[in-house]
1. Mind checking whether some residue in the range B:132-144 is away from chain A (no Cβ under 14 Å) and among the aliphatic types (A, V, I, L, M)?
2. Sort through D:Ala129, D:Ala123, D:Ala114 and tell me the only one that's more than 9 Å from every other protein chain (Cβ to nearest Cβ), part of a loop (DSSP other than H, G, I, E, B) and either under 19 Å from the mean Cα position of the chain (by Cα) or of a type in the set (Phe, Trp, Tyr) (or both).
3. Which condition from (1) at the interface with chain C (Cβ under 9 Å from one of its Cβ atoms); (2) surrounded by fewer than 20 Cβ atoms within 10 Å (Cβ to Cβ) is the one that B:Leu29 breaks?
4. Given the conditions (1) within 14 Å of chain A (Cβ to nearest Cβ); (2) outside any loop (DSSP other than H, G, I, E, B); (3) not hydroxyl-bearing (Ser, Thr, Tyr), report the number of the one that B:Ala82 does not fulfil.
5. Would you confirm, using the coordinates I've provided, whether A:Ala99 is facing another protein chain (nearest Cβ under 8 Å) and closer than 25 Å to A:Gln51 by Cβ?
6. Can you pull out the residues in the range B:132-163 that are among the small types (Gly, Ala, Ser) and either without any contact (Cβ under 8 Å) to a residue 40 or more places away in the chain or part of a helix (DSSP H, G or I) (or both)?
7. Looking at A:Phe41, A:Phe75, A:Phe101, A:Phe20, which is the one that is surrounded by 21 or more Cβ atoms within 10 Å (Cβ to Cβ) and free of Cβ contacts under 8 Å to residues at least 12 places away in the same chain?
8. Among the candidates B:Arg236, B:Arg220, single out the residue that is within 27 Å of B:Phe75 (Cα to Cα), of a type in the set (Lys, Arg) and under 18 Å from the mean Cα position of the chain (by Cα).
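The values are calculated or read from the model by the stated rules, or taken from the named source; none is laboratory data. Quick caveat, the model's predicted, so the values are computed rather than measured. Note that we place each Cβ from the backbone using ideal geometry, even for glycine, and neighbour counts take in every protein chain shown.
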4 protein chains.
Amino acid sequence: MDPQQRIDLNADVGEAFGNFSTGWDEALLPLVSSVNIACGFHAGDPRVMQQTVAQAAELNLAIGAHPSYPDLVGFGRRFIDATPDEITCDVLYQIGALAAFCRATGVPLCHVKAHGALYNRAAVDEATAQAIIDAVCLYDRELAVLAPPGSSLLRLAREAGLPALAEVFADRAINPDGTLVSRRLPDAMIENPDLVAERVVRMVLHHSVTAIDGTEVEIRGDTICLHGDAHGAVARARAIREALAAAGIVVAAPHARRNA
Amino acid sequence: MDPQQRIDLNADVGEAFGNFSTGWDEALLPLVSSVNIACGFHAGDPRVMQQTVAQAAELNLAIGAHPSYPDLVGFGRRFIDATPDEITCDVLYQIGALAAFCRATGVPLCHVKAHGALYNRAAVDEATAQAIIDAVCLYDRELAVLAPPGSSLLRLAREAGLPALAEVFADRAINPDGTLVSRRLPDAMIENPDLVAERVVRMVLHHSVTAIDGTEVEIRGDTICLHGDAHGAVARARAIREALAAAGIVVAAPHARRNA
Amino acid sequence: MDPQQRIDLNADVGEAFGNFSTGWDEALLPLVSSVNIACGFHAGDPRVMQQTVAQAAELNLAIGAHPSYPDLVGFGRRFIDATPDEITCDVLYQIGALAAFCRATGVPLCHVKAHGALYNRAAVDEATAQAIIDAVCLYDRELAVLAPPGSSLLRLAREAGLPALAEVFADRAINPDGTLVSRRLPDAMIENPDLVAERVVRMVLHHSVTAIDGTEVEIRGDTICLHGDAHGAVARARAIREALAAAGIVVAAPHARRNA
Amino acid sequence: MDPQQRIDLNADVGEAFGNFSTGWDEALLPLVSSVNIACGFHAGDPRVMQQTVAQAAELNLAIGAHPSYPDLVGFGRRFIDATPDEITCDVLYQIGALAAFCRATGVPLCHVKAHGALYNRAAVDEATAQAIIDAVCLYDRELAVLAPPGSSLLRLAREAGLPALAEVFADRAINPDGTLVSRRLPDAMIENPDLVAERVVRMVLHHSVTAIDGTEVEIRGDTICLHGDAHGAVARARAIREALAAAGIVVAAPHARRNA
């Protein structure tokens, strides 16, 4: 048995573009152990990528690529009916582009987490999931893949022999079947920092979370995503860190990598 | 003395984009020893890059990245007043993106040749040249850099300790001082295939070329660029290959690389 | 009764982009009475738009906007899950941009035909169809809308009081229910110029076409689309023009407009 | 003599893009009489344009197009060596796109102000200035053109018979020759709200401003630009409005237009 509980906290960062900034990276970066860095298709121009990799390296964070459908104006949040071949090539391109900044900075690329609509599609569509996994396998079979528990993406990543990390969300309400409550419903987001923090601690220690109907649901995550773009997100992230520390849980990336 | 004369022939390829094709790759690829593959900023989407790397790998060609200013509509032919930092990041991004397809295909990335206006600017502007060289050094100090003879780019690449290859042009008229005749002048391009082929052979064997005023000019190139986008380019490329073979000159890339 | 049969022939043109040309406009423009000009979202940069409007004006063609999802790399052929509001704004933007070149050239903008995946989606999805119609109504209620017979788009355009033109295809096989045979099936395209020409004449004179199972299907089109991007398209277009002339059918745009 | 002094205050707005917001429009819009709305080339996607036109219409502001070089990642702040023909077509495209939203909203398009590097280039380069003016003349000879006092752009606009408005800046230090102090120098920006407000009042009433060396310089502006993107900009804008009101100066757009 593990003498000390550990959990990975991740955040989507580097989502500025040119003159457009998002503003939350500075506050979030010191609170997480892993980051998913935008690669230019939904956000993140080359200079933003270089700077974000440098900041993450400074803080010793595990760095991952955050590839998207090519949709800057839609921030990668819209499904695009791309072919599996297009998806594989788009993901390879973005992984390589981010890996160049990791290499230039002397830090390893550790994982890949699809962004937005591509992530959501890969959770339920096998062809999309396999297209992403093909790209990862072609690039580097030691890259971890982040995916929702129970998703096509998680299952196919494991079948391909890739390190696969189940990702859960700190601030999202859960249905009795373990899926996320749709963001279109009013109670999809949990805003209270103390409540969010308490749920996270229970997820880590007891693999359990209270669903929206009050029942207890089993949940097993290898990494917990902290959203940066929601109001109050930084306050919630701080509350989570404090609660984890108070519970003696170490925040650390699970997938240490040698340098590229 | 070298028992056998050798020369590298290179071409800019992979310059299709989405539904838009250029059409000359198929004819040019079998005639060259090195290719410079567009990386998405002036041409070349991820799928085109993947396919072009695969074709070049099949023919055992030395593969290079062909980074550009971000200007798809201008095909990278317009100067953009980018900062050195922007240029370094843009070039790193494009090298990494192409390297991902090389890695997926199991072939090495061998060199970098800036495209269009970026190449022309780097020939004469030290800050631009250094920005490109910084990107190459940060990525891989074994990557060769292609640059015009006598240019800032060539000199700074050598000073940085990078393998540097002087690039000359098969079909361009030359001024008495060794520079290229401006494309805005009527006689800038030499169209006759036999004349072009004869000039190339003389460049390789005697390091000499007849300038536009009839004088002989010394010229030393490590690689000769064959244009693909001009009328009659493929006929000229074939004439060059035949003339080189007749003269006993081997066409081969100078910079063999182990796999990435 | 009309003493003389008339039909409109339309083609999608101006689908070059920057250095990338398509090559078929020159041959197709003299063969049609209406053109749908790309507006920059799937093809057609501002200079291409200006030149294409000038060419169409020279030939006295009816000019229409050909708006698309924003997807240059996918040539507008991929469904994007855009909201109706996004679609309305994207279409308005593109109509306005093309109208500027019409205005600069002194010719009217006559119609709007959605491109590719947007057209296909609007044929079957009411929200998409209404979003396009909203854009047209907001811009100019005298603009005609091209749409497939029996589509949501055609019906909603008529309900909105817009001039609506049913568009049929010269070179596509037809199912017994009047819909197009999917391009994924082997016999979707009819390649023989004489056969295509004969079908077009029968569509115009007898509102009838032979379906893929040999049955006769009623078909009523106000305009017939000639594809430019298929092999042999120009030969088919010429055969159609000759057959129409031989049958005494006038080729003319139905929607004469005063200048903008 | 005019019984009542008037001045136009303008601001660059609508410079959000997709998920990226700028944040200052809400505060600035009620403080100005004219707005220059981004048209998609440096900022401003179709939805942002639609919303910004609606907000400006609500406040009865004079609406202008704010066209740029095509450079989203560089926010239009980098010179691009575009040909005059490319500039004319790019500007026409952007004017038309914005005009569509004006037309849809039922308000007139009143003026054109080039953005960033295009504005700066047009101030000193006649070919660029003429290319912009050609676009405006082709579109609508009643559109006003904003340009710096003494610039090529202002002179050529007047020679073309266009309504031309000399634009001065509220918060920029002035050289003894009337030009702006370069932003690369430390004292280029005047930050103190009261000082800025006092300078503006003196510009309007006495056509005079204190240059950086303490001398008085004559300055005649038809419109004063309030920057939105600088720290403290909104506070300065409010101070200017109060000082103008206290001095009995009316803030109003000079170029009332009938509807398009």
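1. Checked against the condition, which is being away from chain A (no Cβ under 14 Å) and among the aliphatic types (A, V, I, L, M), the range B:132-144 yields at least one hit.
2. Residue meeting the stated conditions: D:Ala114.
3. B:Leu29 satisfies every listed condition except (1).
4. (2)
5. yes
6. Across the range B:132-163, the qualifying residues are B:Ala135, B:Ala147, B:Gly150, B:Ser151, B:Ser152, B:Ala157, B:Ala160, B:Gly161.
7. The conditions single out A:Phe20.
8. Of the residues listed, the single one that is within 27 Å of B:Phe75 (Cα to Cα), of a type in the set (Lys, Arg) and under 18 Å from the mean Cα position of the chain (by Cα) is B:Arg236.
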